[in-house]
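Input: a single structure, listed below in structure tokens.
The values are calculated or read from the model by the stated rules, or taken from the named source; none is laboratory data. Everything numeric here is computed off the predicted structure, so don't read it as measured data. Because the Cβ atoms are built from the backbone with ideal geometry, glycine has one as well, and the counts that use them run over all protein chains shown. To get the accessible areas, we keep the full protein, side chains included, count just its heavy atoms, and leave off ligands, DNA and RNA. Shrake-Rupley method; radii C 1.70, N 1.55, O 1.52, S 1.80 Å.
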Amino acid sequence: LAGLPLRVLAQAAAPAAQPEMTADQWVAEFAGGAEVTDGDGVTLTAPEIAENGNTVPISVDAPGATEILLVASGNPVPGVAKFTFGPLAGNQAVSTRVRLAKTQDVMAIAKFTDGKVVRAKSNVKVTIGGCGG
Amino acid sequence: MADNVKPRVRVPKTASKDEVITIKTLISHQMESGQRKDKDGKVIPRSIINRMTVEFNGQSVLDMTLEPAISTNPYVEFQAKVPESGEFKFTWYDDDGSVYEDVQKIEVA
């Protein structure tokens, strides 16, 4: 993570760059000032190797969470999805399919009622990128 | 742009009171990411479903915000608690302003 602030600076300096938020900015906005810890409470299930980055199955389970944010740090738009659970949610687990542009870390960040924000990370190796044009 | 958008939802027909059931949803949609370019090198504008909500008898189950990284034909699987007989209402919001809905009844024995 030490290299991330540099990347933020580099992006801000490049006039042609789009004002797209970095992965860290997505996480910070979601956390809303709370400290983000790596730890128990969030289980992220992703394949180690995805042959096709266009449709990568991702599951996240965070019992008791109110909200979960999925972030793909290596995508042009790092934010993937945000899930807000209502009173009739059966649990705080979801599965979906995402696009990954390249090999990268996928993160799930969960917010709990006691204010804790916990992150889980998983590296996915992508053989064929999912943002091709 | 939003041609042939068709929601498909799988909800059990019956449940026991307060049972936790699995719901699977898929909506056919190209989810154009806004990152791709056409033959002339022009960026194809983003056109995605940006939100999906699920309610049971007016109470929220799940509210999901979707970004361009969600795959074509967005698929979501999750679980809901069923306190009584009633209706699940699924709503999808398209970038182009379209709103798609589906309703599924469930009977609590």
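When A:Ile128, A:Ile109 are screened for being within 14 Å of chain B (Cβ to nearest Cβ), touching a residue at least 40 places away in the same chain (Cβ under 8 Å) and open to solvent by less than 20 Å² (accessible area, probe 1.4 Å), only A:Ile109 passes.
Taking the criterion of being more than 30 Å from B:Lys39 (Cα to Cα), outside any strand (DSSP E or B) and β-branched (Val, Ile, Thr), the only residue of the stretch A:75-133 that qualifies is A:Thr113. Tallying residues that are closer than 12 Å to A:Ile109 by Cβ and without any contact (Cβ under 8 Å) to a residue 60 or more places away in the chain within the stretch A:50-65 yields 2. Return the residues of the stretch A:24-49 that are open to solvent by 40 Å² or more (accessible area, probe 1.4 Å), in a loop (DSSP other than H, G, I, E, B) and over 25 Å from A:Lys125 (Cβ atoms); say none if nothing qualifies. Within the stretch A:24-49, A:Gly32, A:Gly33, A:Glu35, A:Asp40 qualify. Just so you know, in the stretch A:74-98 the residues that are open to solvent by 20 Å² or more (accessible area, probe 1.4 Å) and polar (S, T, N, Q) include one that is farthest from the other protein chains (Cβ to nearest Cβ), and it is A:Gln92.
Residue pairs whose Cβ atoms lie under 7 Å apart, sitting 6 or more positions apart in sequence or on different chains, and linking a residue in the stretch A:76-97 that is in contact (Cβ under 8 Å) with a residue 40 or more places away in the chain and under 18 Å from B:Phe90 (Cβ atoms) to a partner that is outside any strand (DSSP E or B) and open to solvent by 10 Å² or more (accessible area, probe 1.4 Å), are A:Arg97/A:Thr55.
Of all residues in the stretch A:68-86, one or more are over 22 Å from A:Gly129 (Cα atoms) and of a type in the set (Gly, Ala, Ser). Scanning the stretch B:20-40 for residues that are at the interface with chain A (Cβ under 7 Å from one of its Cβ atoms) and either touching an Asp or Glu at 6+ places or on another chain (Cβ under 6 Å) or of a type in the set (D, E, K, R) (or both) turns up B:Arg36, B:Lys37. Working carefully through the options A:Ile128, A:Ile58, find the one that is of a type in the set (A, V, I, L, M) and at pLDDT below 95. One residue alone meets the criteria, A:Ile128. Just give me the residues in the stretch B:68-81 being closer than 20 Å to A:Lys82 by Cβ, part of a strand (DSSP E or B) and open to solvent by 10 Å² or more (accessible area, probe 1.4 Å), in sequence order. Selection gives B:Tyr75, B:Glu77, B:Gln79. Of the residues making up the stretch B:50-67, those that are open to solvent by 10 Å² or more (accessible area, probe 1.4 Å), within 8 Å of chain A (Cβ to nearest Cβ) and within 17 Å of A:Val77 (Cα to Cα) number 2.
Out of B:Glu55, B:Glu107, B:Glu84, one residue alone is touching a residue at least 40 places away in the same chain (Cβ under 8 Å) and part of a strand (DSSP E or B). It is B:Glu107.
When you scan the stretch B:27-40, do you find a residue that is part of a loop (DSSP other than H, G, I, E, B) and closer than 26 Å to A:Pro63 by Cβ, even just one? If you could, list the steps in order and put the result at the bottom.
So the first thing to find is which residues in the stretch B:27-40 are part of a loop (DSSP other than H, G, I, E, B), and the list is B:29-31, B:33-36, B:38-40.
Filter once more, so that each one left must be closer than 26 Å to A:Pro63 by Cβ: none.
Within the stretch B:27-40, none of the residues are part of a loop (DSSP other than H, G, I, E, B) and closer than 26 Å to A:Pro63 by Cβ.
From the list B:Val43, B:Val99, the lone residue that is among the hydrophobic types (A, V, I, L, M, F, W, C), exposed (fewer than 14 other Cβ atoms within 10 Å of the Cβ) and facing chain A (nearest Cβ under 10 Å) is B:Val43. Which of the residues spanning the stretch B:1-40 are among the polar types (S, T, N, Q), open to solvent by less than 20 Å² (accessible area, probe 1.4 Å) and over 11 Å from the mean Cα position of the chain (by Cα)? B:Ser33 - this is the single residue of the stretch B:1-40 that is among the polar types (S, T, N, Q), open to solvent by less than 20 Å² (accessible area, probe 1.4 Å) and over 11 Å from the mean Cα position of the chain (by Cα).
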